[in-house]
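Here's the structure we're looking at; comments come further down.
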Amino acid sequence: GMVLQEPAGAPSLSTAAGGGADAAAEVQLSRLRWAVLLLFSSYSLCNAFQWIQYGSINNVFARFYEVNAFAIDWLSMCYMLIYIPLLFPVAWLLDKRGLRLIALAGSALNAMGAWVKLGSLKPHLFPVTVLGQVICALAQVFILGMPSRIGSVWFGSHEVSTACSIAVFGNQLGIAAGFLVPPVLIPNVEDVEKLAYHISIMFFMTAGVASALFILVIIVFKEKPLNPPSRAQALIQSRLTAEYSYTQSILRLLRNANFLLLMVTYGLNVGCFYSLSTLLNRMVIHHYPGEEVNAGRIGLTIILSGMVGALISGFWLDKTKTYKQTTLVVYIMSLVGMIVYTFTLSLGHLWVVFLTAGSLGFFMTGYLPLGFEFAAELTYPESEGTSSGLLNVSAQIFGIAFTIGQGKIMEHFGTKEGNLLLCSFLFLGTVMTAFIKADLRRQQTNLENEQT
């Protein structure tokens with residue numbers, strides 16, 4: 001009772017697997033796929049919460065630890081910095097050892113980092129909170145590249161984009177919680193002891209949730225279903241392991257012109273999102289002093305509207321398969337949203353900021369699963385973990401550059417000039433996206449197998 005026949009009609013698929021040997025693989029869907037997806041989304045949520053929990057109340061943590069705002073910014077940027085050198089070893093592990101080991105490592109490190117932070121509840125213990133955040137950043141390396149891989153390994157061809165969107169959805173929900181919860185739990189009070197007490201509540205809650213999720217991963221998370229969920233996945237599983245070379249896979253990806261264009265454009269868009277998220281508290285407080293809670297709510301609005309955009313994108317791709325057209329339209333609207341947000345932030349009306357930030361988030365955050373799925377199409381049959389990992393490396397590099405650059409411009413010139421920097425790079429990304437050719441290799445494989 002654990003399998004459902006994929007509604008494509010063919011009872012089985014036989015594929016050649018080296019040396020003339022035939023490997024028959026029945027295409028079936030496992031009901032466990034939804035539990036695996038929900039569990040991944042949950043611990044991804046917890047890790048994303050820990051990414052932005054300092055930045056969403058930058059001024060409060062800067063005063064508590066007696067450091068400047070830039071030092072608190074680095075608690076967010078360390079997530080981006082650590083990802084870059086560790087992508088390739090972790091992507092190699094994902095290919096060689098599979099999903100379960102990566103899930104265990106990611107959820108374990110996430111819980112460990114949360115517990116380490118509990119040792120940093122005094123102003124002079126800033127290095128301890130840095131250590132805890134670095135461990136959480138290590139966990140993120142085991143999380144970010146998994147959405148498209150989970151979608152392909154566990155879900156059928158008619159639902160793979162939706163699954164990827166839901167997996168990304170969890171991460172975005174965590175960022176939303178990171179904007180909403182810290183300003184509510186940690187008021188901007190002068191008494192350091194009271195501040196430490198409120199911070200401890202947040203740290204204890206996070207550590208408890210992260211530990212429970214780690215235990216659930218041990219019990220529930222499986223490597224893969226008994227049968228492949230799609231014809232494209234059956235073809236991949238039928239290949240001999242010896243035939244696969246991780247180094248050759250990366251080299252093939254780096255020779256794929258369409259993927260390279262997507263890698264740069266994805267990095268530009270998501271890098272802008274990272275910078276905007278990290279510096280949002282500073283932007284809002286500059287124009288609306290004392291509005292820490294509303295700054296968090298604006299961040300929440302960006303993410304919640306973006307999650308709606310991400311889900312709509314996933315459903316739309318599964319129905320239409322119009323990867324290039326959808327990606328380009330969403331990119332253009334991200335640029336328009338950023339321009340409108342830039343010129344309305346300083347008007348003095350918070351409700352206007354909520355409205356423009358929400359429309360920006362709908363498209364900018366909605367772009368995330370589009371990039372993953374478009375990359376999986378352009379690079380099939382290469383590993384989704386490798387392609388999405390390279391996209392994330394690009395995003396981290398641009399994210400660090402934009403956060404530092406925009407932060408410095410804001411200090412010396414103002415928030416409008418800092419946001420105009422992001423607008424200019426989004427325009428560049430829009431132009432580059434128009435040149436990506438829609439070479440949908442995964443869809444073509446599924447179509448050819450259905451015909452035969």
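The values are calculated or read from the model by the stated rules, or taken from the named source; none is laboratory data. Only a predicted model underlies this, so the values are computations on that prediction, with no experimental measurement involved. Quick reminder, even Gly has a Cβ in these numbers, built from the backbone with ideal geometry, and neighbours come from all protein chains shown. Each accessible area value is taken on the protein alone, full model and side chains, heavy atoms only, with ligands, DNA and RNA left out. Shrake-Rupley method; radii C 1.70, N 1.55, O 1.52, S 1.80 Å.
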* Structure fact -> Checked the chain with the C-alpha gyration tensor, a ≥ b ≥ c its square-rooted eigenvalues, rounded below a/c of 1.5, otherwise prolate if a/b is larger than b/c and oblate if not; verdict prolate
* Could you give the spread of the C-alpha atoms of the stretch 31-225 along their three principal axes, from largest to smallest, in whole angstroms? => 55, 31, 26
* Per residue, in Å², the accessible surface of the chain once ligands and nucleic acids are set aside, probe 1.4 Å -> 38 Å²
* Asked: Pairing the Cα long axis of helix 441-451 with the longest principal axis of the chain, what angle in degrees results, from 0 to 90 and rounded to the nearest 10?
  -> 30 degrees
* Given the Cα atoms of the stretch 231-350, and with Rh set as the inverse mean 1/r over their pairs in the Kirkwood sense, what is Rg to Rh to two decimals? -> 1.12
* To do: Starting from the Cα gyration tensor of the stretch 254-302, take the square roots of the eigenvalues, sort them a ≥ b ≥ c, and report rounded, prolate or oblate (rounded when a/c is under 1.5, otherwise prolate if a/b is larger than b/c, else oblate).
  => prolate
* To do: Pull up all non-local amide H partners of residue 30: gap of 5 or more, or a different chain, and H-to-H distance under 5 Å with H placed in the peptide plane.
  => 4
* Exposure of residue 115 as accessible area (Å², to 10), given a probe of 1.4 Å and all protein chains -> 120 Å²
* To do: Measure nothing but the geometry: give the 0 to 90° angle between the long axis through the Cα atoms of 350-364 and the longest principal axis through the Cα atoms of the chain, rounded to 10°.
  => 20 degrees
* Would you mind checking the tilt of helix 99-117 against the longest principal axis of the Cα atoms of the chain, expressed as 0 to 90 degrees and rounded to 10? => 10 degrees
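Using 0.36 nm per residue of separation minus the Cα-Cα distance, give me the extension gain between residue 86 and residue 437 in nm, one decimal.
That works out to 123.4 nm of additional length.
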* **Separation of the residue 343 and residue 131 label points, Cα + 7 Å toward Cβ, nm** => 5.1 nm
* Structure fact -> Length-normalised contact order of the chain, Cα under 8 Å, at least 6 apart, in percent, tallies to 23 percent
* Asked: How far apart, in nm, are the 7 Å Cα→Cβ label points at residue 189 and residue 355?
  -> 3.7 nm
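Taking 8 Å as the Cα distance limit and 6 or more residues as the minimum spacing, I'd like the relative contact order of the stretch 272-422 as a percentage.
Relative contact order for the stretch 272-422 comes out at 32 percent.
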* Structure fact -> Note on the stretch 245-451: alpha-carbon gyration tensor, axes a ≥ b ≥ c; rule is a/c under 1.5 for rounded, else prolate if a/b larger than b/c, else oblate; result prolate
